[in-house]
Amino acid sequence: MLFRLLVTAKTFHSIAVVMVLVFTPVAAWGELVIRVTQGNDKPTIIAVAPMSTNGIQVLEDISAIVESDLLRSGLFKIIPRQNMLAFPQNADDVYYRDWRLLGSEYLVVGGLKDSEGKIELSFSLLDVTSQKTVFKHRVTGTEAQIRDLAHLVSDKVYKEITGIRGIFSTRLAYVTAELNDDKFIYRLNVSDSDGAREQLVLESTQPIMSPSWSPKGDELAYVSFETGRPAIWRQRLVGGQRIQLTNFSGLNGAPSWAPDGNKLALVLSKDGNPEIYLLDLTSNKLSRLTRHFAIDTEPTWTPDGKSLLFTSDRGGTPQIYKLTIASKVVERITFKGNYNARPSLAPDGRTLVVVHRESSVFHIATLDLKTGRMLELTETRLDESPTVAPNGAMLIYATKQGGRGVLSAVSLDAGVKYFLPAKIGDVREPAWSPFLR
Amino acid sequence: MNISVTKTGLSALCLSLVLAGCSSTPVEETMSDIEDTTVQTVEVEMEAEATAVEEAPVEPTMSAATVFYFDFDKALLKTESRAALVEHAAFLMDNPRSIRLEGHADERGTREYNMALGESRGNAVKEFLVLQGVSPSMIEVISYGEEQAASFGSSDAAWSMNRRVELK
């Protein structure tokens, strides 16, 4: 394997295990591939001219990455490269008439140049209709950051045209399980949000579950069974240092990082049955939030950090409840259907995403907390683990395709869908990172 | 409190060694009050491999079922599980050892909710054993939720094999 796990003697509640991660992307066959299965009705038509490399050797096609990013958002239609009459590199070289004939509303042009050993990418967004430069921008990075530079171009173009902050520079954490000689190998991976540049975070012969990003995007909390029991760990993505946070008898699960980064909501059954607890990450102080003989699990934070939403079967079937932390008051949120679980809130704080069962089929659905309107976003059978992008435009969830776990994406208005199929193993439990810069 | 963790990868090896050790254990102290031809057949076969059997560690074992199945979204012990659990309880009181009850769920429903469901099933088995007189301090319940399927596939048959508690 491409990484080595070094474990030293360690003590509960103290920093001990050292993980050395070699951050080399695994082979291309392990990466996720995207295909758009359904698009927007009125996409913006855009052309992304191939960036002039000006003699600089780069291994990635920047414009192709930008095209793929914009296409995946579902809000754009891309003018194919083979239809282009010229590949201009700046606004002065553009014959607008050519691009208007192709039907393009916008054009992205740019080129690379060497800047003290780094790569400088200058690019412009041009409005073909008004024949004007919308903006000109410059980004600089190393050769290893070529994909980052491309995603920054996509973010800037997407924001300018849609008014929404782009998520192309964000990342995805997920768990894979690969059957190897009758035993599973579980891996926690992180990739770009397009599935490229997969990096291994943790590998184990025992299950790994429930990854949750820290609000800064520099750490993951997760459940690992490596001790023979479920335990919650936190791990830095750079350097790989990890700490075991819990070691109680019974369930140690469903970690959810608070928006302030200082607390973790989690589930423990040490007092008899699954209850929601709060772990202060500075003082290690644990406080119990729920008190009910039913199952209480899957806590998630409201954006203001004052409340938690969670799944409970206290009403007879799993439904979503809201707990106000200061008062400990619990109120029921979902009523439609006999199974609503795994809540998460879109950044607007108003759109609740749940796993919803309708006539024994599990879908991803949204519930507008203001109007009470419920919308089923997916129609496959075993959809679970939805995770909303930090801009609230899309969500990624786990489903089955050909008997295997794969990741799929859908826009929150259900207009755009695409798969991120893996070539190997079972992919599950995606967790979309927060904005990273 | 010290937690010893083997390097990832070693644990799989350790597990397979334990299993190999179990399978070569001779069946000597079976419960006297049950007649089980299956057990006798096993003994005969094992005697044929005399050297291997004699070198294996001698541990008391018994032959009752060690996997108990449940209905969908339920943690109620089925009637047909009781007889075997009564045998286990009697055997454990004569031959005390710590046991693990590993609770599992099928793939339907969310993963952490299924962790809770697997634990409820483990607890149902534990409570039954405790009622039969087994000391609760000897029983550990570990839920694996839907993470370790016994049967793959998304059919009713596979699902029914996966909603289970394994006594180890």
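I'd like to verify a number: residues in the stretch A:206-218 that are free of Cβ contacts under 8 Å to residues at least 40 places away in the same chain and surrounded by fewer than 20 Cβ atoms within 10 Å (Cβ to Cβ), how many?
Going through the stretch A:206-218 one residue at a time, the tally reaches 1.
Consider A:GLU203 carefully, then state whether it is open to solvent by 20 Å² or more (accessible area, probe 1.4 Å) and at the interface with another protein chain (Cβ under 8 Å from one of its Cβ atoms).
Criteria met by A:GLU203.
Go over the candidates A:ALA254, A:ALA294 one by one and state the one that is in a loop (DSSP other than H, G, I, E, B), within 13 Å of chain B (Cβ to nearest Cβ), under 30 Å from A:PHE335 (Cβ atoms) and of a type in the set (Gly, Ala, Ser).
On the way: A:ALA254 fails: in a loop (DSSP other than H, G, I, E, B).
After ruling out the rest, the residue left standing is A:ALA294.
Give the stretch A:155-176 a look and list any residue that's in contact with a Gly (Cβ under 6 Å, 6 or more places away or on another chain) and in contact (Cβ under 8 Å) with a residue 12 or more places away in the chain, or say none. First the steps, then the outcome.
First, the residues of the stretch A:155-176 that are in contact with a Gly (Cβ under 6 Å, 6 or more places away or on another chain): A:155, A:158-159, A:176.
Result: A:ASP155, A:TYR158, A:THR176.
Among the residues of the stretch A:54-79, write down those that are of a type in the set (Gly, Ala, Ser) and either open to solvent by 30 Å² or more (accessible area, probe 1.4 Å) or within 16 Å of A:TYR418 (Cβ to Cβ) (or both).
Hits for the stretch A:54-79 are A:GLY55, A:ALA64, A:SER68, A:SER73, A:GLY74.
With respect to A:ALA221, is the statement that it is on the phi < 0 side of the Ramachandran plot, in contact with a Leu (Cβ under 8 Å, 6 or more places away or on another chain) and assigned to a strand (DSSP E or B) true?
Taking the combined requirement at face value, the residue satisfies it.
How many residues, within the stretch A:42-53, are among the hydrophobic types (A, V, I, L, M, F, W, C) and surrounded by fewer than 18 Cβ atoms within 10 Å (Cβ to Cβ)?
Total satisfying the criteria: 1.
If I go through the stretch A:149-182 residue by residue, how many of them are acidic (Asp, Glu) and not in a helix (DSSP H, G or I)?
Count: 3.
Being of a type in the set (S, T, N, Q) and assigned to a loop (DSSP other than H, G, I, E, B) is the filter here; which residues of the stretch A:326-379 pass it?
A:SER327, A:THR334, A:ASN338, A:SER359, A:SER360, A:THR371, A:THR378
Between A:VAL353, A:VAL361, which is closer than 30 Å to B:PHE72 by Cβ, in contact with a Lys or Arg (Cβ under 6 Å, 6 or more places away or on another chain) and within 14 Å of chain B (Cβ to nearest Cβ)?
Result: A:VAL361 is the single residue among A:VAL353, A:VAL361 that is closer than 30 Å to B:PHE72 by Cβ, in contact with a Lys or Arg (Cβ under 6 Å, 6 or more places away or on another chain) and within 14 Å of chain B (Cβ to nearest Cβ).
Anything in the stretch A:400-437 that is away from chain B (no Cβ under 13 Å), among the basic types (Lys, Arg) and in a strand (DSSP E or B)? List them, or say none.
Hit for the stretch A:400-437 is A:LYS417, nothing else.
Starting from residues that are at the interface with chain A (Cβ under 7 Å from one of its Cβ atoms) and of a type in the set (Ser, Thr, Tyr), keep the ones in the stretch B:135-156 and report whichever is most open to solvent (accessible area, probe 1.4 Å).
Ranking the candidates gives B:SER154 first.
Scan the stretch A:315-325 for residues that are part of a loop (DSSP other than H, G, I, E, B) and surrounded by 17 or more Cβ atoms within 10 Å (Cβ to Cβ) and jot them down.
Those that are part of a loop (DSSP other than H, G, I, E, B) and surrounded by 17 or more Cβ atoms within 10 Å (Cβ to Cβ): A:PRO318, A:ILE325.
Across the stretch A:169-191, what is the total count of residues that are in contact with an Asp or Glu (Cβ under 9 Å, 6 or more places away or on another chain) and open to solvent by 10 Å² or more (accessible area, probe 1.4 Å)?
Quick first cut of the stretch A:169-191, residues in contact with an Asp or Glu (Cβ under 9 Å, 6 or more places away or on another chain) only: A:169-179, A:184-191.
Filter once more, keeping what is open to solvent by 10 Å² or more (accessible area, probe 1.4 Å): A:169, A:171, A:176, A:178-179, A:184-185, A:187.
Number satisfying all stated conditions: 8.
Provide a single number: the residues in the stretch B:135-154 that are part of a strand (DSSP E or B) and aromatic (Phe, Trp, Tyr). Steps first, please.
Keep residues of the stretch B:135-154 that are part of a strand (DSSP E or B), which gives B:139-145.
After this cut, where a residue has to be aromatic (Phe, Trp, Tyr) as well, the list is B:144.
Here the count works out to 1.
A:THR317 versus (1) under 18 Å from B:ASN123 (Cβ atoms); (2) more than 28 Å from the chain's Cα centre (by Cα); (3) within 10 Å of chain B (Cβ to nearest Cβ): which is the lone unmet condition?
(1)
If we scan the stretch A:223-237, do we find a residue that is buried (at least 24 other Cβ atoms within 10 Å of the Cβ), within 13 Å of chain B (Cβ to nearest Cβ) and hydroxyl-bearing (Ser, Thr, Tyr)?
Within the stretch A:223-237, one or more residues are buried (at least 24 other Cβ atoms within 10 Å of the Cβ), within 13 Å of chain B (Cβ to nearest Cβ) and hydroxyl-bearing (Ser, Thr, Tyr).
Please verify whether A:ASP218 is among the charged types (D, E, K, R) and within 14 Å of chain B (Cβ to nearest Cβ), treating the condition exactly as stated.
Values: among the charged types (D, E, K, R): yes; within 14 Å of chain B (Cβ to nearest Cβ): no.
So A:ASP218 does not fit the description; no.
Anything in the stretch A:257-269 that is crowded, with 17+ Cβ neighbours inside 10 Å and in a loop (DSSP other than H, G, I, E, B)? List them, or say none.
Those that are crowded, with 17+ Cβ neighbours inside 10 Å and in a loop (DSSP other than H, G, I, E, B): A:ALA258, A:SER269.
Considering each of A:SER360, A:SER385 in turn, give the residue that is surrounded by fewer than 19 Cβ atoms within 10 Å (Cβ to Cβ) and either within 19 Å of the chain's Cα centre (by Cα) or under 22 Å from A:THR297 (Cα atoms) (or both). Show your work before the answer.
Values: A:SER385 fails: surrounded by fewer than 19 Cβ atoms within 10 Å (Cβ to Cβ).
After applying the criteria, what remains is A:SER360.
When you scan the stretch B:92-134, how many residues do you find that are assigned to a helix (DSSP H, G or I) and crowded, with 18+ Cβ neighbours inside 10 Å?
Of all residues in the stretch B:92-134, those assigned to a helix (DSSP H, G or I) come to B:92-94, B:111-131.
Still in the list and also crowded, with 18+ Cβ neighbours inside 10 Å: B:92, B:111-126, B:128-129.
Count: 19.
For A:ASN284, which of the numbered conditions (1) away from chain B (no Cβ under 14 Å); (2) in contact (Cβ under 8 Å) with a residue 60 or more places away in the chain fails to hold?
Here A:ASN284 clears every test but (1).
Could you run through the stretch A:80-102 and say how many residues are assigned to a helix (DSSP H, G or I) and open to solvent by 40 Å² or more (accessible area, probe 1.4 Å)?
8
The values are calculated or read from the model by the stated rules, or taken from the named source; none is laboratory data. Note that the structure is predicted; figures quoted are calculated from it, not measured. When we count neighbours, we look across all protein chains shown, and the Cβ atoms used for this are built from the backbone with ideal geometry, even at glycine. With ligands, DNA and RNA removed, areas are computed over all heavy atoms of the protein, side chains included. Shrake-Rupley method; radii C 1.70, N 1.55, O 1.52, S 1.80 Å.
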